[in-house]
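Colleague: Pasting a structure below so you can have a look.
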Amino acid sequence: MTGSGKLLPTAKKWEGARKLHKRDRLTLIAALLVGGLLAGCSGGDVRADSPQLRRCKDLLGSGNVDSAVDAIGSSDVEASGTTRADVLADLLVKEAKRWQKSDLLHTAYTACRMSAFEGDRIIGTVDVSVKWSVLSLKMMDSPQISRTWRRVNDSLFLAPEPSPARMQLLAVCAVPGAVASQPSDLPLQFEAAAKDLRTELRWELLSAFARSVVEAMDCTKPPVIPSALPAGA
C-alpha cells in the first residue's frame, strides 16, 4: 500500500483473488445446501415415479396401483418384474405348446413386485404373478380342493385364502397349437399377495392383471373374468 492509502498493483490482484475465492466458496456451499434439500425432498418421488412402476400401472390399472401404494403407507416404492402383458403372454404360450401331461413343474413369472420403503427398510410388499397350474379342472370337484377353490363360472375358479393374505385365480385358456387336453389339464393360475390390502383391492389387482394377460394370449375361448369381486370371496 502507498503512503496515500492506495493499493499497489500486486496487492490489488491479491485482494481481488481473495474476494473471488470467497465468492466461489459461498456459491459452492449454497449449491450443496440446495442439492441436499432437493435430495431429501425427492428421494421417494424418484423411485415412486420409475418407469417400472408406470409399467405396473399399465398392467394392473393405474388406480389400483395407486390404491395399493396408499394402503402400504409409503410413497417411496420400488417396482420390479416382467411388467409387459405381451412378454408374459409369449412366455406362457411357448410353455403351453411344449407341455405334456407328464410335466409337473411350471415356471412362475413375477409380473409386478412393489416394495414400499421407510428409509432403507421394506415396510410392505405387493406381489402379482402367473404360472400354468398343476391343478386340473377335474381336481376342482374333489372335496379337499373344493374347500379352497370356489367356482366363479365354467372358466374361472377363485381361492381367496385370507390367512396368508393372498388371492389366487384359476382360468381356462385354450392355447392354439397345444395338445388337445391342455385347456382342462393346464389352466392358468394368477396370484396377488399382499397382507396390507383389503380383499376387494386384491381382487381388483388380480382381475385386471388376469384380463391383461389373457387378452394378450389370444385364447381360443377367453375366460370370463368379472370386474366385481365374486360373492363369497
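The values are calculated or read from the model by the stated rules, or taken from the named source; none is laboratory data. No experiment lies behind these values; they were computed from the predicted model shown. FYI the Cβ positions are ideal-geometry reconstructions off the backbone, even for glycines, and counts take in every protein chain you see. What goes into the accessible areas is simple: the full protein's heavy atoms, side chains included, and nothing from ligands, DNA or RNA. Shrake-Rupley method; radii C 1.70, N 1.55, O 1.52, S 1.80 Å.
Colleague: Show me 184-191, 173-180 ranked by packing, highest mean number of other Cβ atoms within 10 Å first.
Modeller: Taking the mean over residues of other Cβ atoms within 10 Å, the ranking is 184-191, 173-180.
Colleague: If R0 is 22 Å, what FRET efficiency do you get for LYS195 and SER80 from their C-beta distance, rounded to 0.05?
Modeller: Efficiency, rounded to the nearest 0.05: 0.70.
Colleague: A further question on this structure: Of the cross-linked pairs LYS97/LYS195; LYS57/LYS138; LYS94/LYS195; LYS57/LYS195; LYS57/LYS97, which ones have a Cα-Cα span greater than 23 Å in the structure shown?
Modeller: Cα-Cα > 23 Å for LYS97/LYS195; LYS57/LYS138; LYS94/LYS195; LYS57/LYS97; rest within.
Colleague: Using a 1.4 Å probe, what is the accessible area per residue for region 83-233, in Å²?
Modeller: 49
Colleague: If you don't mind, another one. Straight-line reach from LYS131: which aspartates and glutamates have Cα under 12 Å away, leaving out those fewer than 8 places along the same chain?
Modeller: Result set, ordered by chain and number: GLU95, GLU191.
Colleague: Label points 7 Å out from Cα along the Cβ direction at ALA165 and ILE145: separation in nm?
Modeller: So the two model labels end up 2.9 nm from each other.
Colleague: What FRET efficiency comes out for VAL179 versus ARG54 if R0 is 35 angstrom and r is the Cβ-Cβ distance? Round to the nearest 0.05. Display every interim value, and only then the final one.
Modeller: Numbers: r = 38 Å, r/R0 = 1.08.
FRET efficiency, VAL179 to ARG54: 0.40.
Colleague: Now a separate question. Over region 111-175, one equal point on each Cα, no solvent: what is log10 I(q)/I(0) by the Debye formula at q = 0.29 Å⁻¹?
Modeller: Here log10 of I(q) over I(0) equals -1.35.
Colleague: Classify region 193-233: rounded, prolate or oblate, from the alpha-carbon gyration tensor (a ≥ b ≥ c, eigenvalue square roots; a/c under 1.5 rounded; otherwise prolate if a/b is larger than b/c)?
Modeller: It comes out oblate by the Cα gyration axes.
Colleague: Per the 1.4 Å probe, what fraction of the accessible area of region 93-233, in percent, lies on carbon and sulfur atoms?
Modeller: So the carbon and sulfur contribution to the accessible surface is 51 percent.
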